[in-house]
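Visitor: There's a structure below that I have some questions on.
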Amino acid sequence: MPIDEVLISSYAGTACAAGRERGMLVALALDVDDLRVCDVFLGRVSRRVPAMGGAFVDIGQRRSGLLMAADAADGRLPSDGETVVVQVLRVAEGDKGPKLTGKLTGKLTEEIPGNFNARLADTTLGDLASVLASGPIPRRLARGPDAIEALLQHADAGGALRSIVVDDPARLVRLRATWPALASRLQPWRGQASLFEAEGVSEAIEAALSPRVPLPGGGKLIIEETAAVVAIDVDLGSEAGSSAKAAALACNQHAAAAIGREVRLRDLAGRIVIDFIPVRRPAERAKILAALQAVLDDGERALKIGGWTRTGLVELTREKRGPSLASRLLGVCPACAGCGRVHAPQQPTDPLLPMSGEQR
Ligand SMILES: [Zn+2]
């Protein structure tokens, strides 16, 4: 889905870019993280944990990062106190600190700033660490792209981007200077009201924080994020068809398309399970998997469609790079402390028993 328009303003006090395709919100970027995916650090191993096959690395952030042996530069777990060059694979979330890698290769290296990249190409990581060890440790060596720039880059690469509306004059000037290729498409917001309010972006963000997603034919998705998995239920609702089977097919097709959009917009990742309207025929099952692959595989993050489980769920994994939109923007509910339930008021069991209170 190529983005044709980007609107840049602020949301909940944070700079935010909204990518739209034919007026529909399809991508959001919030520049909230002090730590960014692709940031490069010179860190020091604070604690090896051979039992878990990893080491905690102090990178000068609130939480130490975790470097697994498999991600270490030479596949070997570094020693306590050793200096290491690491890149951020995933920012901190909840109780988990950031995830690091010592292998600054492939896509990650392309994304880090050019001069540092060139220096990495000339030297081995071990050499680099000893050269850099003369300065303070830990310290940040290179910054990953900020979320807004990354969204603009992605939108521009899609080939359909025709306008970028910015309400902050200072940011507009900065973007014009740093991205000459976008200059003709950059425009200031001239409206009286706030850009996101006037353009319906705030409303669309609110909708992206709701567990319910209405589907075009009358069905709906219910999306629940839990610690272990993201569970998506497909509800037939009033979806119409020439037969029950046709209605189910249509609903599943609408659902697959919507799941593609919602997963990216809400930044859902890790393990995802989907409960489609039951499908038995192998050809139809295969069609749903193909549809999911097409809508979810953006070539940016590792995606693995696991297939149908024995109980009829679709299971997939998507590379995680940080918290979801909801965990970034929403706090824990004070009434239920995040569990989603409170004690139900006790109902009188016998309707003939007199009720207390003013209602009688
Ligand atoms: Zn609650």
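Throughout, read-outs are computed from the coordinates displayed, never taken from laboratory work. Note that the coordinates shown come from a computational prediction; the quantities given were computed from them, not determined experimentally. Cβ atoms come from the backbone with ideal geometry, glycine included; neighbour counts cover every protein chain shown.
Visitor: Just want to confirm a number: the relative contact order over segment 209-329, from Cα pairs under 8 angstrom separated by 6+ residues, in percent.
Guide: For segment 209-329, the relative contact order is 24 percent.
Visitor: A follow-up question, please. Can you pull out the trypsin sites (Lys or Arg not before Pro) in segment 136-191 that DSSP calls coil and that have at most 15 other Cβ atoms within 10 Å?
Guide: Answer in residue order: 143, 162, 190.
Visitor: Go through 296, 53, 186 and say which Cα lies farthest out towards the positive end of the charge dipole of the chain; charges sit on Cβ, +1 for Lys and Arg, -1 for Asp and Glu.
Guide: So the residue furthest toward the plus end is 53.
Visitor: Can you show me the helix-derived [θ] at 222 nm for the chain, built from DSSP H runs with n ≥ 4 at -39,500 (n - 2.57) apiece and divided by the number of residues, rounded to the nearest 500.
Guide: The per-residue figure over the chain is -8000 deg cm²/dmol.
Visitor: Would you be so kind as to identify which of 161, 323, 32 lies farthest towards the positive end of the dipole of the chain, taking Lys and Arg as +1 and Asp and Glu as -1 on Cβ and the Cα centre as origin?
Guide: It is 323.
Visitor: Let me ask something additional. For segment 1-98, which GluC sites (Glu not before Pro) are in a loop by DSSP, counting at most 16 other Cβ atoms within 10 Å?
Guide: The qualifying sites are 82.
Visitor: Residue 341 versus residue 280, label points 7 Å from Cα toward the beta carbon: distance in nm?
Guide: 3.3 nm
Visitor: Mind listing which trypsin sites (Lys or Arg not before Pro) in segment 247-343 are in a DSSP loop and have 11 or fewer other Cβ atoms within 10 Å?
Guide: 280, 310, 341
Visitor: State the extension gain, in nm to one decimal, for the chain segment bounded by residue 206 and residue 298, taking 0.36 nm per residue of separation less the distance between their alpha-carbons.
Guide: 30.7 nm
Visitor: For residue 273 and residue 183 in the same chain, what is the full-extension length gain: residue separation times 0.36 nm, less their Cα-Cα distance, in nm?
Guide: Using 0.36 nm per residue and subtracting the Cα-Cα distance, I get 28.2 nm.
Visitor: Taking H placed 1.01 Å from N in the peptide plane, check which residues at least 5 places from residue 44 or on another chain put their amide H under 5 Å from its amide H.
Guide: Result for residue 44 returns 58, 84.
Visitor: Could you please state, rounded to a whole Å, how far the C-alpha centre of segment 16-56 is from the C-alpha centre of segment 286-351?
Guide: Each part's Cα centre sits 20 Å from the other's.
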